[in-house]
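The values are calculated or read from the model by the stated rules, or taken from the named source; none is laboratory data. On a predicted model such as this, the values are computed, not experimentally measured, just so you know. Reconstructed Cβ throughout: ideal geometry from the backbone, glycine too, with neighbour counts over all protein chains shown. Accessible surface is based on the protein model in full, side chains and every heavy atom, while ligands, DNA and RNA are left aside. Shrake-Rupley method; radii C 1.70, N 1.55, O 1.52, S 1.80 Å.
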Amino acid sequence: QVQFVESGGGLVQPGGSLRLSCAASGIIFNIYAMGWYRQAPGKQRELVASITRGSSTNYADSVKGRFTISRDNAKNTVYLQMNSLKTEDTAVYYCNAKNPTLNLTLFPGSWGQGTPVTVSS
């Protein structure tokens, strides 16, 4: 059974930082590219960062230079370091495995609960 468990979200002031974690189980983690996604109220879920199995990274323009994605294959975990947070980063954040070159989620039936991030003064 494929499972993704996200954690690390919370309330933070603009300009602050958070580090999100996503623990994966039920998959051979180290062969998959992974992505962090977010869904703000009233909006569609969007991909914000991805990392290939070789640790090449890619970012949405809106977070480039502020967010850093990384992975620890020994722990089956992917991280998202978020710095210089803005109010528009407020969303529920999720992770999932993805196609390494296409914006295609590999386990769409296995989204986790997500971890909420609220950026507010």
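Yes or no: the stretch 17-24 includes at least one residue that is farther than 17 Å from G114 by Cβ and in contact (Cβ under 8 Å) with a residue 40 or more places away in the chain.
Yes, the stretch 17-24 contains at least one residue that is farther than 17 Å from G114 by Cβ and in contact (Cβ under 8 Å) with a residue 40 or more places away in the chain.
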Next on the checklist: List pairs: first residue in the stretch 31-52 and over 17 Å from S7 (Cβ atoms) and free of Cβ contacts under 8 Å to residues at least 40 places away in the same chain, second residue among the basic types (K, R) and in a loop (DSSP other than H, G, I, E, B) anywhere in the structure, Cβ distance under 8 angstrom, at least six positions apart or on different chains.
Outcome noted: I31/R53
Checklist entry - Among (1) in contact (Cβ under 8 Å) with a residue 40 or more places away in the chain; (2) over 21 Å from W111 (Cα atoms); (3) charged (D, E, K, R), which single condition is R66 missing? => result (1)
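Please determine, by comparing only the residues of the stretch 53-62 that are touching a Phe, Trp or Tyr at 6+ places or on another chain (Cβ under 9 Å) and in contact (Cβ under 8 Å) with a residue 12 or more places away in the chain, which one is most open to solvent (accessible area, probe 1.4 Å). Can you show your working first?
Of the residues in the stretch 53-62, the ones touching a Phe, Trp or Tyr at 6+ places or on another chain (Cβ under 9 Å) are 53, 59-60.
From what's left, in contact (Cβ under 8 Å) with a residue 12 or more places away in the chain: 53, 60.
On the way: R53: 155, A60: 25 Å².
If we take residues in the stretch 53-62 being touching a Phe, Trp or Tyr at 6+ places or on another chain (Cβ under 9 Å) and in contact (Cβ under 8 Å) with a residue 12 or more places away in the chain, then R53 is most open to solvent (accessible area, probe 1.4 Å).
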Next on the checklist: I'd like the full set of residues that are closer than 18 Å to V63 by Cα and under 14 Å from the mean Cα position of the chain (by Cα), limited to the stretch 9-36.
Outcome noted: G9, L18, R19, L20, S21, M34, G35, W36
Checklist entry - From the set of residues in the stretch 1-38 that are surrounded by fewer than 18 Cβ atoms within 10 Å (Cβ to Cβ) and touching a helix residue (DSSP H, G or I) at 6+ places or on another chain (Cβ under 7 Å), which is farthest from R53 (Cα to Cα)? => result P14
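Output the residues belonging to the stretch 77-103 that are among the polar types (S, T, N, Q), within 19 Å of G9 (Cα to Cα) and open to solvent by 30 Å² or more (accessible area, probe 1.4 Å). Reasoning before the result, please.
Here is the first cut: in the stretch 77-103, the residues among the polar types (S, T, N, Q) are 77, 81, 83-84, 87, 90, 96, 99, 101, 103.
If we keep only those that are within 19 Å of G9 (Cα to Cα) as well, we get 77, 81, 83-84, 87, 90, 96.
Q81, N83, S84, T87, T90 - these are the residues of the stretch 77-103 that are among the polar types (S, T, N, Q), within 19 Å of G9 (Cα to Cα) and open to solvent by 30 Å² or more (accessible area, probe 1.4 Å).
Give the residue, chosen from R71, R66, that is of a type outside the set (G, A, S) and under 18 Å from S17 (Cβ atoms). Reasoning before the result, please.
Working: R71 fails: under 18 Å from S17 (Cβ atoms).
Residue meeting the stated conditions: R66.
Looking at Y79, is it closer than 22 Å to G16 by Cβ, in contact with a Gly (Cβ under 9 Å, 6 or more places away or on another chain) and in contact (Cβ under 8 Å) with a residue 60 or more places away in the chain? Before you say what the answer is, go through the steps one by one.
Working: closer than 22 Å to G16 by Cβ: yes; in contact with a Gly (Cβ under 9 Å, 6 or more places away or on another chain): yes; in contact (Cβ under 8 Å) with a residue 60 or more places away in the chain: yes.
So Y79 fits the description; yes.
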